[in-house]
Amino acid sequence: MNVVEFLTTNMILNLSIASWAIAQLLKGVIILIRERRLDWGRILGGGGMPSSHSALVCTCATAVGRMYGWSSPLFAIAAVVAVVVMYDAFNVRQAAGEQAKVLNYMIQNLSELTPETFGKSLQELLGHTFPQVVAGGVLGVVIGYAGCELFVF
């Protein structure tokens, strides 16, 4: 079995999945170092440093550019999708997380309303800060480029 056949038969997809997994594991390592605890919710969930969404799409775009050319239509599509995903991770999902914090606070502090009134608490860590998105993007570019150098060219 060669490297391309490890997860799928597609090198770009394999590298993208690998960068997502590495970003998720890095979240756990960062929390383990900072807070001295293992947080499976952070390792398996969204949000946090680095952005696995950014790593995934930047690896894809970088590998496409490296394999098919930086001026190819495939790279243009991958780059546009990467920008949209990173914009969403930073702006839309970050705002939704901030709104969840406010709503959770309101629910917890109104004596006549309890969390049971509305169901479970809302997930507050949905999006990413700008540094988290950048870190995920850099991780993705590095893995996409290095993976192509190691396994394709």
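FYI, it's all coordinate maths here, none of it is from the lab. These figures come from a predicted structure and were not determined experimentally. Using ideal geometry, Cβ is built from the backbone for each residue, glycine included, and neighbour counts are taken over all protein chains shown.
Structure values in brief
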item: Packing rank of 56-62, 38-44, 73-79, 140-146, where each peptide gets the mean count of other beta carbons within 10 Å, highest leading; result: 56-62, 140-146, 73-79, 38-44
item: Kirkwood-based shape ratio for region 1-106, expressed as Rg/Rh from alpha carbons; result: 1.07
item: Calculated FRET value between GLU149 and ALA96, using beta carbons and R₀ = 41 Å, to 0.05; result: 0.65
